[in-house]
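Just so it is clear, none of the values below were taken in a lab; they were calculated from the coordinates. All values derive from a computational prediction rather than experimental measurement. Glycine also receives a Cβ, built like all others from the backbone with ideal geometry; neighbour counts cover every protein chain displayed.
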Amino acid sequence: MTEKNTLHKCDVLVVGSGAAGMATALRAAHDGLNVIVAEKSAHFGGTTALSAGWSWVPGNPKGTAATGDTRAEAETYLKALSGDHYNEEGVAGFLDTVPEAIDFFEDNTSVVFSYPEKAPDYQMDLPGAKLGGRAILPSDADIRMLGSRRKELQPYLSSYTVFGYMPQVGPDMATILKANQSVKAFTYTASKLLRTWVDTAVCGQPLKRTNGSALMTRMVASALDAGVRVWTSTPVEELVTNDDGSVTGAVLSGTHAGTVQARLGVVLAGGGFSGDAELRRQYFPHDKNGGEHFTPTQGHDGSSARMAMAVGGRINADVSSPGSWAPVTVFKNLVTRTQRLFPHLRQIGLPGMITVDKHGKRFGNEALSYHDFGRQMLDHMKDEESVYAWIVGDEKLMRKYGIGFAKPTPIPRQLFYAADYLVKGETVEELAGKIGVDAEGLRATLATFNRDAEAGEDTEFGRGSTAYNHFRGDMDHQPNPNLATIDKAPFYAAKVRMGDLGSFAGIDVDSRHAVIREDGKRIPGLYSVGAAAVSVFSGGYPGYGSHIGPALVFGYRMGRDIAELAAESGSADALERAMEVKA
């Protein structure tokens with residue numbers, strides 16, 4: 001038998017190795033099913049491994065016990081967040097499953113969660129919002145848990161690290177941000193960097209993993225221990241169907257080329273479509289020419305969506321927002337001059353910086369979540385040919401915090417000028433001229449903002465008015481953790497474009513995450529979870545980990561229920577296969 005004709009057999013084929021795919025594999029393997037995970041990249045972990053690793057899971061047992069949070073409050077918040085797009089059945093399934101899913105990972109895998117006291121919901125002004133208890137994060141991991149396969153873990157997004165070290169959101173990041181402000185913080189940061197550099201020199205990569213990288217280290221290690229076949233560099237080229245349209249497997253290429261026969265079906269968990277220019281043109285209104293969007297995600301190339309559509313599935317875009325927006329700066333690698341991206345997920349809420357349009361005007365509250373600020377940016381520029389804005393700050397800002405990838409003093413700023421990241425002007429007028437912004441408008445904006453910053457109240461957009469805003473600022477800065485004047489020359493700017501952390505529009509699924517056709521009927525043997533599927537939050541972004549939380553929960557439920565779903569499909573073959581597995 002030649003390689004291209006190799007036949008692989010399993011109970012469940014999972015496409016994609018991020019949180020959703022690995023959660024599916026872990027729960028299915030726990031029930032004794034034979035699972036293959038096919039990952040198109042040379043690395044497993046997907047965008048989850050690049051992320052902060054948080055999971056928004058209201059109703060998790062420990063968080064509920066600590067805060068007294070109730071299901072009614074979570075439902076109230078999600079209804080207010082989603083409005084007319086509220087998915088009552090989907091949310092009910094999510095909330096029903098959260099407690100047992102989190103218990104499963106903690107009791108039956110190597111996954112360990114931490115429960116921060118404060119992790120505010122993103123829209124604290126909405127009814128039902130909570131200061132903590134709903135967002136949890138993974139504990140750090142040692143990559144050596146993966147044994148000989150540790151080099152296959154998705155590397156960190158280099159532009160988001162601090163000289164190779166990836167800080168964790170919370171006290172770790174807060175301390176590192178003050179490395180140039182106190183001896184204690186400097187010493188702490190130096191110890192983190194030294195360990196990272198030594199490990200990289202000796203072992204070829206940092207051994208301590210944080211954030212989403214830690215989560216994926218623990219999930220993949222657990223899957224390998226459970227006998228799951230995790231195959232990297234193995235793209236799924238097409239799905240295989242039988243005469244009645246049921247999906248029975250898939251054709252693979254790459255390292256494990258051949259055909260997979262999946263007795264219970266195929267689960268599409270290979271990410272969304274924000275990396276597919278053609279699909280973006282169809283579903284992202286701001287990107288009609290395919291060149292106004294820059295995604296830092298890994299693997300979100302639309303392949304899962306296209307496979308589903310090829311066998312009768314469809315994309316569901318009935319959401320309030322088709323993507324989870326994340327403004328990014330596009331710049332150049334200093335050596336290769338290739339494109340790099342820096343997602344602005346937190347820092348634009350720090351005191352002493354604003355974001356302005358080409359007229360020099362602010363257009364929203366910069367201390368909102370990246371998704372909500374992104375929505376404001378898109379709404380404000382919906383009639384513009386090109387979507388972009390400028391983060392503006394002064395010398396005080398650059399000495400204390402920097403601007404995203406442009407690190408603060410004492411890091412040489414010439415590095416960031418050379419990378420086409422940072423622009424400097426000795427005066428407001430000079431900076432405005434260099435970045436193509438109306439100078440009079442910018443000076444007027446700064447005058448208003450500086451007046452408000454001195455008073456501690458943003459009269460235009462309410463920046464610094466909620467607990468979540470403060471969480472994105474500097475809690476040691478007074479009178480408002482999000483406001484400081486911008487008045488010390490020289491002045492600096494970084495251009496921001498629109499990016500994302502995944503698509504919210506996605507493969508249409510029913511309440512059990514079975515892929516459905518135009519008529520609403522299931523495609524037997526085909527399922528989808530994670531960012532590949534339409535979001536259960538219908539385009540809303542409730543809090544830290546709004547992608548990973550549902551990915552873990554619905555992936556768990558998919559792994560738990562796939563035999564039952566196969567039996568419900570109406571296919572005699574599927575019923576026979578499911579009963580064989582149950583027996």
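Numerical summary
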quantity	calculated
Average projected area [Cα convex hull, the stretch 433-566], square nanometres	12.6
Long-range amide H partners of residue 525 with built H, under 5 Å	247
Cα pair count fraction exceeding 19 Å, expressed as % - the stretch 368-495	55
DSSP beta bridge pairing in the chain, given as percent antiparallel to the nearest 5	70
FRET efficiency, 1/(1 + (r/R0)^6) with R0 30 Å, evaluated for residue 475 and residue 382 via beta carbons	0.30
Residues listed by number, the stretch 426-454, amide nitrogen under 14 Å from residue 396 label point at 7 Å toward C-beta	446-454
Viscosity 0.692 mPa s, 37 °C: Kirkwood-radius Stokes-Einstein D of the stretch 31-145 over Cα pairs, µm²/s	204
Cβ-based charge dipole, the stretch 441-583, positive-most Cα from 554, 479, 490	490
Within the stretch 445-548: Cβ-based charge dipole about Cα centre, in debye rounded to nearest 20 (Lys, Arg +1; Asp, Glu -1)	460
Dimensions in Å of the stretch 319-379 - Rg and Dmax from alpha carbons	13.4, 41
Environment charge of residue 272, counting only residues whose C-beta is closer than 13 Å and scoring Lys/Arg +1, Asp/Glu -1	-1
Phi to ³J(HN,Hα) by Karplus 6.51 cos²θ - 1.76 cosθ + 1.60 over the stretch 292-298, Hz, x for Gly, Pro	10, 9, 9, 9, x, 5, 10
Radius ratio Rg over Rh of the stretch 269-392, counting only Cα atoms, Kirkwood formula for Rh	1.00
The stretch 157-223 and the stretch 76-123: distance between their alpha carbon centers, rounded to Å	27
The chain - percent relative contact order, Cα under 8 Å, separation 6 or more	22
Calculated P(r) of the stretch 201-355 - Cα pairs past 19 Å, %	70
Span per principal axis, largest first, for the Cα atoms of the stretch 427-500 (Å)	36, 33, 21
Rg ratio (alpha-carbon, reference 2.2 N^0.38 Å) - the chain	0.96
Semi-axis lengths (Å, descending) of the ellipsoid that matches the C-alpha gyration tensor of the stretch 350-417	25, 13, 10
Fraction of the pair-distance distribution of the stretch 85-240 above 20 Å, Cα-Cα pairs, percent	63
The stretch 454-563: GluC sites (Glu not before Pro) in DSSP coil with no more than 10 other Cβ atoms inside 10 Å	518
Computed magnitude of the charge dipole of the stretch 414-484 (debye, nearest 20; Cβ of K, R +1, Cβ of D, E -1)	160
Mean separation of Cα contacts under 8 Å (6+ apart) over length of the stretch 129-234, as relative contact order %	39
Greater than 19 Å apart at Cα, pairs in 40/288; 361/382; 358/424; 358/495	40/288
Convex hull volume per residue in cubic angstrom - Cα atoms of the stretch 64-132	100
Per-residue ³J(HN,Hα) for the stretch 483-498, Karplus 6.51 cos²θ - 1.76 cosθ + 1.60, θ = phi - 60°, Hz, x for Gly and Pro	10, 8, 5, 10, 8, 10, 5, x, 10, 9, 8, 9, 7, 10, 10, 8
Ordering of 553-565, 313-325, 14-26, 64-76 by packing [mean C-beta count within 10 Å, highest first]	14-26, 553-565, 313-325, 64-76
Residues in the stretch 232-259 that a label on residue 7 would reach, taking backbone N under 17 Å of a point 7 Å out along Cα→Cβ	240-243, 248-252, 257-259
Check: the chain dipole with +1 on Lys, Arg Cβ and -1 on Asp, Glu Cβ, in debye	2000
Contact order normalised by residue count of the stretch 27-177, Cα under 8 Å, 6+ apart, percent	31
Selected from 18, 194, 274, residue furthest toward positive end of dipole (the chain; charges at beta carbon)	194
q = 0.14 Å⁻¹, the stretch 177-225: log10 I(q)/I(0) [Debye, one scatterer per Cα]	-0.50
Extreme residue, positive dipole direction of the chain, given options 324, 359, 391 (C-beta unit charges)	391
Ellipsoid semi-axes in whole angstrom, largest first, where each is sqrt(5λ) of the Cα gyration tensor of the stretch 123-178	30, 17, 11
Förster-model FRET efficiency, 51 Å R0, residue 448 and residue 205, C-beta, rounded to 0.05	0.60
Area projected by the alpha carbon convex hull of the stretch 184-270, averaged over all directions, nm²	8.5
